[in-house]
Amino acid sequence: MSSLAEEEELAPEALAQAPRGMNSVTFNPGTTEIPAGNSFSVNLEVQSQVEITTLSVNINFDPQLVRLKEIQRGELAAQFGEKASFLQSINQGGTAVIGFSSPTPTAGIKSGTLAVLVFEALKAGESGVRITSLQALGPQGRPVNLLPGEHLVNIRQ
């Protein structure tokens, strides 16, 4: 077996353990420690080696511990101006959806901040903000595989 074939066999494992920076959607910072009653912001960052023309991100959070106050457009979506479609939906039951669509099917986004999530810490405890599903397409509708990230919130009294 050649070394190239061995590398190809390891590729799925390497992707499963991909560090931040590979094709992924992550939260920055990865953790927040904050007193209850305060607000905090988390960037939703995209890292991709190929252009993404359409992206849908579903997230969930514990509505007993944090409240998602708003979702702001990040610089990635803003680079296309008002022509880019940037959709957001916040369900105070603990879910949100963020969507992006390029104004042209041949040009997309690669790396940077897609959105800024503004939360309020409601009461003491630990909560995760998790990406529950990702769907991304590149030019000509080709699927782009992205690994999801997670954000940990430690809320103090």
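The values are calculated or read from the model by the stated rules, or taken from the named source; none is laboratory data. Nothing here was measured: the structure is a model prediction, and the numbers come from that model. Don't worry about glycine lacking a Cβ; one is built from the backbone with ideal geometry, like all the others, and counts go over all protein chains shown.
Here the strands (runs of 3 or more DSSP E) wholly within region 65-157 that include at least 2 residues being touching a residue at least 40 places away in the same chain (Cβ under 8 Å) are 66-73, 95-101, 112-121, 125-137, 150-156.
Taken over region 75-100, the criterion of being crowded, with 18+ Cβ neighbours inside 10 Å and farther than 20 Å from Phe61 by Cα is satisfied by Leu76, Ala77, Phe80, Ala84, Phe86, Phe100.
Considering the conditions (1) farther than 16 Å from Gln135 by Cα; (2) surrounded by 13 or more Cβ atoms within 10 Å (Cβ to Cβ); (3) of a type outside the set (Phe, Trp, Tyr); (4) at pLDDT below 95, Asp62 is excluded by exactly one of them, (4). Residues of region 39-69 that are more than 15 Å from the chain's Cα centre (by Cα) and either of a type outside the set (Val, Ile, Thr) or under 22 Å from Ala124 (Cβ atoms) (or both): Ser39, Phe40, Gln49, Glu51, Asp62, Pro63, Gln64, Leu65, Val66, Arg67, Lys69. In a residue-by-residue description of region 98-118, the property of being farther than 28 Å from Gly141 by Cα and among the hydroxyl-bearing types (Ser, Thr, Tyr) applies to no position.
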